[in-house]
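Below: one structure, written as structure tokens.
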Amino acid sequence: MNTYKNPYDLKKIKEGHKLLKDFKYDPSPVIKGYTEKTLYINVGTKEIKEKNVPEKMKELFTGGRGYDIKLLWDAVNENTKWNSPENEVVISSGPIGGTTQYPGSGKSIVMAISPTTTLPVDSNVGGYFGPYLKFSGWDALEIQGKSDEDVIIFIDGDKGKIEIYTAPFEDEDSHLVSEELTELFAETEKDRKFISTVSAGKGASNSLWGCLNFSYYDRRRKVARLKQAGRGGIGSVFRDKGIKAIVCKYSKIDPNPNQAVDLDTIKDIGAKYHKELHDLDASQNDMRHVGTAHLVDIMNEYDLLPVNNYKFGQHELTPRIGTNVWRDKFSQGMPDGCWYGCTMQCAKGIDNHILRTGPYKGDSVCIDGPEYETAGGVGSNCGIFDPNYIAEANFYCDTYGVDTITFGTSMAFVMECYEAGILNKEITGGLDLHFGNGEAALELLHRMARGEEGFPKIYGLGIRRMKKHFIENYGADAEFVNSIGMECKGMEYSEYITKESLAMQGGYGLANKGAQHDEAWLIFMDMVNNQIPTFDDKAEALWYFPIFRTLFGLLGLCKLPWNDLEPADNGETDEPAKVPEHAQNYTDIFNAITGLNETNESMMLRSERVYNFQRLFNFRMGGGTREGDKIPYRSAGPVTNEEYLSRQERYDNQLVDKYGFSAEDVKKMTTEEKVKIHREKRLKDYDDLCTATYKRRGWDNDGVPTIEKLKSLNIDFPDAIELLSKR
């Protein structure tokens with residue numbers, strides 16, 4: 001459990017509540033995975049209302065991310081900004097969400113217009129909130145408006161009531177407010193596991209990077225643990241609306257919570273998967289002991305681990321933050337699933353960490369993670385190989401409501417700019433931001449979270465806006481900072497070196513939300529295994545995997561059980577990268593819940609429809625074209641002589657084998673000449689890849705879905721056709 005020097009005053013918190021609005025309702029039962037109702041709350045006007053789900057919406061958008069995107073589309077217009085009152089935070093699970101017999105079925109998907117990208121952004125998250133929301137009677141929750149004071153929304157699915165309270169005395173930071181509200185709204189100690197909260201801390205209030213923390217009560221550790229909807233700044237939207245937290249209570253989980261048509265089939269599929277986990281996990285990725293942190297060693301081995309702002313792909317000090325270190329730090333022997341029945345249990349935690357810095361210095365806390373992305377982002381990418389620093393940064397990012405990927409990638413960019421002489425101590429407020437300085441990195445995080453003026457405010461704007469500021473105010477070379485600032489569409493890159501994987505460059509650059517790996521993680525297929533050698537092969541992969549992975553968001557699923565554990569005979573299948581047995585499981589479970597008779601192909605059509613609609617939404621908001629798909633050059637190749645020389649033999653050989661220069665010509669070239677040639681060739685390759693992928697996706701040559709494509713997917717709504725007709 002957490003222990004604090006200054007414990008909170010629950011009596012004061014409760015007395016400070018003032019009821020602003022209450023709403024009684026009869027919870028709609030979940031039948032075949034759906035309640036057929038959505039909940040609308042306007043925190044500005046305090047309006048609360050129940051909305052029926054139109055049959056057409058259910059048919060075309062399935063649930064989860066699909067419901068989110070349709071509700072958000074209907075709520076905003078092309079002029080909506082991230083902080084406009086009409087922007088919404090939309091949360092939905094999906095028809096499989098809350099299933100307790102198959103791992104990874106507890107996800108929520110959150111959407112809003114993003115502060116960093118200005119586009120619709122989706123983010124998925126574990127914890128209990130999504131299933132509890134659905135079982136409380138709601139297929140989705142949409143929150144609109146802006147409150148002039150901090151409020152808490154309480155959804156009581158047991159009693160069928162919704163209340164909005166003022167929240168003057170709750171702490172803002174998530175590790176505290178989640179515990180306070182779990183204790184406050186639970187009637188008994190046993191009740192705490194029936195409470196889930198959504199919150200964002202002071203870092204979300206004072207930056208554009210805000211994440212949302214979804215809690216679940218760990219009854220063994222006796223602490224409300226946190227999972228993050230991290231990408232795109234949705235937590236900043238949440239705090240801008242004046243929401244301190246949402247609380248959902250539901251205690252009536254039964255063995256068939258989705259009222260599936262065929263529960264026995266789901267049990268059989270789940271039992272087979274549980275056995276695979278038992279038999280194979282330890283010899284594959286060992287998710288139950290180290291979670292995604294196992295990737296640190298693998299990425300380092302293959303020269304794919306980001307080091308010093310993606311300059312390099314490995315480092316001799318990596319073992320200091322490698323798998324064995326995290327295995328020792330993570331508490332073992334405790335169930336670590338973030339939803340009931342998830343036997344993958346990859347939600348690792350560090351117990352009894354004594355904080356060394358910041359406002360909670362000296363407190364003993366439970367840290368959720370770190371995940372691989374955090375270890376690579378705040379650690380190696382910043383040249384910091386100290387696991388205690390990584391754990392501390394992980395904790396503070398989480399409780400402040402700051403995305404660890406954005407924090408780490410932005411810090412790495414700032415550190416390179418500091419070493420290049422663009423920044424100095426006068427600009428940074430006295431901070432020495434050389435690579436490797438974890439103390440200075442944490443101090444900048446604390447200053448940003450406090451909302452300090454000057455460089456902390458600039459830093460909290462994200463890389464896209466920092467690049468512009470550095471060019472306009474500090475005389476930075478535009479080509480250089482645009483090449484090393486690792487963002488696309490305004491979203492900071494996650495933690496993989498993509499220089500030698502053209503397909504993975506496309507996975508980042510062509511992703512709807514921005515540079516995030518959860519659409520198409522193709523780096524091993526492309527670079528390591530050479531399974532997709534041609535442009536057409538890569539374009540096919542960039543069609544299939546983003547659409548297949550969209551399915552997880554529609555259904556309420558975590559993607560990790562799909563391919564972080566593989567059946568023993570998966571390598572013998574025709575397409576092992578698709579893990580066909582597990583892909584089939586999702587179709588079979590969907591049919592077993594809903595009573596439908598979908599095929600893998602028809603499920604893909606559901607995903608393709610939503611994926612194309614999100615691209616159209618991007619276009620509506622001023623993006624969604626080839627221009628927005630451009631990537632920073634460091635994603636494609638070496639920017640500096642230092643980078644080139646670190647892999648000189650590889651790059652020299654590519655000039656001969658790939659680009660047709662003679663070995664003698666290469667010997668005569670200067671490093672600057674080689675860097676220039678690689679840049680021209682690699683950017684041309686990326687542009688050609690975009691062209692091939694747009695064609696495969698059925699888009700025009702600028703990357704916009706055509707009217708014919710919308711018609712083929714039955715999403716040729718009048719407002720969509722009008723939008724495209726204006727082109």
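The values are calculated or read from the model by the stated rules, or taken from the named source; none is laboratory data. What you see is a predicted model, and the numbers here were worked out from it, not measured in a lab. For neighbour counting, all protein chains shown are included, and Cβ atoms are generated from backbone atoms with ideal geometry for every residue, glycine included.
What do you reckon, is Val656 touching a Ser or Thr at 6+ places or on another chain (Cβ under 6 Å) and either of a type in the set (A, V, I, L, M) or surrounded by fewer than 17 Cβ atoms within 10 Å (Cβ to Cβ) (or both)?
Taking the combined requirement at face value, the residue does not satisfy it.
Considering only region 692-713, state which residues are farther than 14 Å from Glu627 by Cβ and of a type in the set (Val, Ile, Thr).
Within region 692-713, Thr693, Thr706, Ile707 qualify.
Give me the residue from region 18-57 that is without any contact (Cβ under 8 Å) to a residue 40 or more places away in the chain and outside any strand (DSSP E or B) and, out of that set, surrounded by the most Cβ atoms within 10 Å (Cβ to Cβ).
If we take residues in region 18-57 being without any contact (Cβ under 8 Å) to a residue 40 or more places away in the chain and outside any strand (DSSP E or B), then Met57 is surrounded by the most Cβ atoms within 10 Å (Cβ to Cβ).
Would you mind telling me which numbered condition in (1) touching a helix residue (DSSP H, G or I) at 6+ places or on another chain (Cβ under 6 Å); (2) under 26 Å from Glu566 (Cβ atoms) Leu280 fails?
All conditions are met except number (1).
Which condition number does Val528 fail, the rest of (1) in contact with a helix residue (DSSP H, G or I) (Cβ under 9 Å, 6 or more places away or on another chain); (2) surrounded by fewer than 23 Cβ atoms within 10 Å (Cβ to Cβ); (3) touching a residue at least 40 places away in the same chain (Cβ under 8 Å) being met?
(1)
Quick one: Gln332 ticks every box in (1) of a type in the set (S, T, N, Q); (2) under 26 Å from Gln284 (Cβ atoms); (3) not in a loop (DSSP other than H, G, I, E, B) bar one, so which box is it?
Here Gln332 clears every test but (3).
Inspect all residues belonging to region 650-659 and state whether any of them is within 30 Å of the chain's Cα centre (by Cα) and among the hydrophobic types (A, V, I, L, M, F, W, C).
No: region 650-659 contains no residue that is within 30 Å of the chain's Cα centre (by Cα) and among the hydrophobic types (A, V, I, L, M, F, W, C).
Which residue pairs have Cβ atoms under 6 Å apart, sit 6 or more places apart or on different chains, and have a first residue in region 298-320 that is within 17 Å of Glu371 (Cα to Cα) and a second that is of a type in the set (Val, Ile, Thr)?
Cβ pairs passing all conditions: Asn300/Thr318; Leu304/Ile497; Pro306/Ile497.
Yes or no: Lys489 touching a helix residue (DSSP H, G or I) at 6+ places or on another chain (Cβ under 9 Å) and at positive phi?
It is true that Lys489 is touching a helix residue (DSSP H, G or I) at 6+ places or on another chain (Cβ under 9 Å) and at positive phi.
Under 9 Å between Cβ atoms, at least 6 apart or on separate chains: pull out the pairs that start in region 153-178 with a residue that is on the phi > 0 side of the Ramachandran plot and end on any residue that is modelled with pLDDT of 95 or more and not polar (S, T, N, Q).
Gly160/Lys24; Gly160/Tyr25; Gly160/Asp26; Gly160/Pro27; Gly160/Gly137
May I ask you to list pairs of residues, at least six apart or on different chains, whose Cβ atoms are under 8 Å apart, with the first in region 68-81 being surrounded by fewer than 16 Cβ atoms within 10 Å (Cβ to Cβ) and the second being among the hydroxyl-bearing types (Ser, Thr, Tyr)?
Correct list of pairs: Lys81/Thr118.
Out of Ala260, Ala347, Ala293, which single residue is buried (at least 21 other Cβ atoms within 10 Å of the Cβ), in contact with an Asp or Glu (Cβ under 7 Å, 6 or more places away or on another chain) and part of a loop (DSSP other than H, G, I, E, B)?
Ala347
Going through region 92-136 one residue at a time, which ones are outside any loop (DSSP other than H, G, I, E, B) and farther than 18 Å from Phe194 by Cβ?
Scanning region 92-136 gives Ser92, Ile109, Val110, Met111, Ala112, Ile113, Pro120, Val121, Asp122, Ser123, Asn124, Val125.
From the list Gly341, Gly369, exactly one residue is of a type in the set (Gly, Ala, Ser), surrounded by 24 or more Cβ atoms within 10 Å (Cβ to Cβ) and over 26 Å from Cys417 (Cβ atoms). Which is it?
None of the others qualify; the one that does is Gly369.
Within region 511-541, restricting attention to residues that are of a type in the set (A, V, I, L, M) and within 17 Å of Asn563 (Cα to Cα), which residue is modelled with the lowest pLDDT?
Looking at residues that are of a type in the set (A, V, I, L, M) and within 17 Å of Asn563 (Cα to Cα), I get Val528.
Consider only pairs whose beta carbons are under 8 Å apart and that are at least six residues apart or on different chains; among these, list those whose first residue lies in region 338-353 and is outside the structural domain of Pro131 (by TED's automatic domain parsing) and on the phi > 0 side of the Ramachandran plot and whose second residue is surrounded by fewer than 18 Cβ atoms within 10 Å (Cβ to Cβ) and assigned to a loop (DSSP other than H, G, I, E, B).
Gln345/Pro335
Return the only residue of Thr404, Thr409 being farther than 14 Å from Ser207 by Cα, touching a residue at least 60 places away in the same chain (Cβ under 8 Å) and either under 20 Å from the mean Cα position of the chain (by Cα) or crowded, with 24+ Cβ neighbours inside 10 Å (or both).
Selected residue: Thr409, the only one of Thr404, Thr409 that is farther than 14 Å from Ser207 by Cα, touching a residue at least 60 places away in the same chain (Cβ under 8 Å) and either under 20 Å from the mean Cα position of the chain (by Cα) or crowded, with 24+ Cβ neighbours inside 10 Å (or both).
What number of residues within region 703-727 satisfy the criterion of being in contact with a Ser or Thr (Cβ under 8 Å, 6 or more places away or on another chain) and in a loop (DSSP other than H, G, I, E, B)?
Looking only at that region, the number is 2.
Quick one: count up the residues across region 698-712 that are charged (D, E, K, R) and either modelled with pLDDT under 95 or within 15 Å of Phe617 (Cβ to Cβ) (or both).
Qualifying residue count for the region: 1.
Output the residue which, of all residues in region 137-161 that are of a type in the set (Gly, Ala, Ser) and part of a loop (DSSP other than H, G, I, E, B), is farthest from Lys49 (Cα to Cα).
This residue is Ser147.
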